């Protein structure tokens, strides 16, 4: 293989693998920005993957599948929202419970679907004309699926909303100082519910992408810990959607290289990198002032009640 | 002014212990009913499923001993987690600490060259240290640099998983195991004795029971236990009374990680007799033990009971995998539902649910 086709293949696969990471990370960034840590990403992704596959399989329409994934992920996230926002339950425990429930339910429900090929998978598109651009053309415009582009557009859009609009200011205010936001007329619970729901829908779509587009099949536990990488990526991205874009592709590249560099470094050690790197990054930004400037929401994991604390 | 929302919660005074117990039982029963509805919807009679689980987990000698051997790691890890949770340290990393204990023990079993009788004690000490080291890293990072414990302990789980994966595919890959990713089997002197005809490796069980008693006394009756509680319940008071938060956090995680590491020793030396794939060694014990410790209300003695309850559920997963053809993942449905109902019930204990308009402003 020439170095050129090697680079093209690697980057093209990186883009494909980074897309579900990006989608779910964008969602988790919104949830955490509003002050709600959701450790249930893995559970929401896998239930989304299951729902998407089963609907795409039954209807023959991959987009209906993706829609079902979004609904399933969103519905799942509302359990967490109800527990954490309305009942003020511990966010860590509730998120873990959500992951267990998602892995368990999808494992049991998806049993009959294991091993079936999906003929109606979401196929890649080739942009006529643009795919002829040397190197960049085949990476960006040949055989990538529509969700890859949607995810990139979404990253920019969600960045814009978070930093340049009233809604974004409300979200950040609720995550920083809910009491003050409340006194300024922001409905804290409503904003938090909405952000957690955004997180669930995007995690569900990310799961759907895995089972309907990336590798069209259903396997028990197919998210294989991706949801936890998303938790790390959210910090890695300093809770910023645009940095999330780079983070997701960077991690995807590392993951993909682990298959391609087997001759030089044990693949297990490369796969360990994202997790080890997340800790290193946390250490590097551990100085409180720095983390503050970088965007860690002050009210993360703290429930809010008017008139308390 | 905004209109008050139609549902909310209000604080209530502390409850007597019997009511806490009753509410916890109520939560578990509710979760089992919810799981029963799920069974029904799935086309399996919930009565048949629960009947099979009870019979399979408790109805025969094989069932009971298999349940007990599942309870061993849950007991060890659960006791450690009560200590960590009391110091308000979120140790989600017991899975990784268990694996590092298993790794250290395997290293000693296969490569230390220690004489036979020394081997098992050295493996337990080494396993404790391996797990403790994995637990102390996030403890130091939190206490010294204020880094979020949930994230670091979680990430270290995955680092541990890939350490094991790397060892069994690479440097420690067994010579006798061609094609399979296992280490060589342990020498006979590195294998734990079991109760005859069962897989209950009793030395580990004994250590677990002992740990429950020792740490119950430590938490309730000693100065260190008092300091752990103060750090967890009121960090400000801890600072003013001269209790070192750094020291206490690290100590709590030394205990928690160490006990998880010993659970790992039990699994490789008592059950598998080699180091194999991380998913087969850890099996989610580290996550399930979180519910075990939570249900025990952070009381180390109560863990003896709650570890057994969740061992029944894990064994139940094995049983209905065979009898009803349901996947082992069903265990996670039970775990998730029980956990949700438990944190829901906790709210009932601390607050009253208010439906309708807010009575006080």
Fill in the blank from the handout: Matching residues in region A:48-61 (surrounded by fewer than 24 Cβ atoms within 10 Å (Cβ to Cβ) and part of a helix (DSSP H, G or I)) number 5
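Can you pull out every residue in region B:192-220 that is part of a loop (DSSP other than H, G, I, E, B) and surrounded by 19 or more Cβ atoms within 10 Å (Cβ to Cβ)? Write out each step before concluding.
Going residue by residue through region B:192-220, those that are part of a loop (DSSP other than H, G, I, E, B) are B:192-201.
Within region B:192-220, B:192, B:200, B:201 qualify.
Can you pull out the residues in region B:276-286 that are surrounded by 22 or more Cβ atoms within 10 Å (Cβ to Cβ) and within 14 Å of chain A (Cβ to nearest Cβ)?
Filtering region B:276-286 for residues surrounded by 22 or more Cβ atoms within 10 Å (Cβ to Cβ) gives B:278, B:281-282, B:285-286.
The answer is B:278, B:282, B:285, B:286.
Would you pick out the residues in region B:72-97 that are part of a helix (DSSP H, G or I) and more than 13 Å from residue B:291 (Cα to Cα)? If you could, list the steps in order and put the result at the bottom.
Let us first name the residues in region B:72-97 that are part of a helix (DSSP H, G or I), namely B:72-86, B:94-97.
Answer for region B:72-97, where residues must be part of a helix (DSSP H, G or I) and more than 13 Å from residue B:291 (Cα to Cα): B:72, B:73, B:76, B:83, B:84, B:86, B:95, B:96, B:97.
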Completion exercise
Scanning region B:317-352 residue by residue, those facing another protein chain (nearest Cβ under 7 Å), within 21 Å of the chain's Cα centre (by Cα) and in a loop (DSSP other than H, G, I, E, B) turn out to be B:329
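Suppose the filter is over 20 Å from residue B:80 (Cβ atoms) and either within 14 Å of chain A (Cβ to nearest Cβ) or surrounded by 15 or more Cβ atoms within 10 Å (Cβ to Cβ) (or both); does residue B:160 pass it? Before you say what the answer is, go through the steps one by one.
Values: over 20 Å from residue B:80 (Cβ atoms): no; either within 14 Å of chain A (Cβ to nearest Cβ) or surrounded by 15 or more Cβ atoms within 10 Å (Cβ to Cβ) (or both): yes.
The answer is no for residue B:160.
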Practice task
Identify all residues within region B:239-251 that are over 15 Å from residue B:146 (Cβ atoms) and part of a helix (DSSP H, G or I); write none if there are none.
Solution key: B:240, B:247, B:248, B:251
Practice task
Name every residue in region A:125-159 that is assigned to a loop (DSSP other than H, G, I, E, B) and closer than 15 Å to residue A:208 by Cα, in order of residue number.
Solution key: A:145
Completion exercise
Of the listed residues (A:102, A:112, A:107), the one being within 12 Å of chain B (Cβ to nearest Cβ), out of contact with any strand residue (DSSP E or B) (no Cβ under 6 Å at 6 or more places or on another chain), at pLDDT below 95 and closer than 26 Å to residue A:196 by Cβ is A:107
Problem - Where residue B:307 falls short, out of the listed (1) in a helix (DSSP H, G or I); (2) within 14 Å of another protein chain (Cβ to nearest Cβ); (3) in contact with a helix residue (DSSP H, G or I) (Cβ under 8 Å, 6 or more places away or on another chain) - result: (2)
Exercise for the section: Please work out which one of (1) closer than 24 Å to residue B:137 by Cα; (2) part of a helix (DSSP H, G or I) is the condition residue B:269 fails and give its number. Expected result: (1)
Exercise for the section: Considering each of B:113, B:96, B:127, B:59 in turn, give the residue that is more than 14 Å from every other protein chain (Cβ to nearest Cβ) and in contact (Cβ under 8 Å) with a residue 40 or more places away in the chain. Expected result: B:127
Handout entry: Among (1) at the interface with another protein chain (Cβ under 7 Å from one of its Cβ atoms); (2) modelled with pLDDT of 95 or more - the single one residue A:96 does not satisfy
Key = (2)
Exercise for the section: Determine which single condition residue B:168 fails, assuming it passes every other condition in (1) within 14 Å of another protein chain (Cβ to nearest Cβ); (2) at pLDDT 90 or above; (3) in contact with a helix residue (DSSP H, G or I) (Cβ under 7 Å, 6 or more places away or on another chain). Expected result: (3)
Practice task
Within region B:224-239, identify whether any single residue is within 24 Å of the chain's Cα centre (by Cα) and within 14 Å of another protein chain (Cβ to nearest Cβ), and answer yes or no.
Solution key: yes
Exercise for the section: Among the residues of region B:76-89, write down those that are crowded, with 24+ Cβ neighbours inside 10 Å and within 14 Å of chain A (Cβ to nearest Cβ). Expected result: B:81, B:84, B:89
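The values are calculated or read from the model by the stated rules, or taken from the named source; none is laboratory data. Values in this document were obtained by computation on a predicted structure and should not be read as measured data. Note that we place each Cβ from the backbone using ideal geometry, even for glycine, and neighbour counts take in every protein chain shown.
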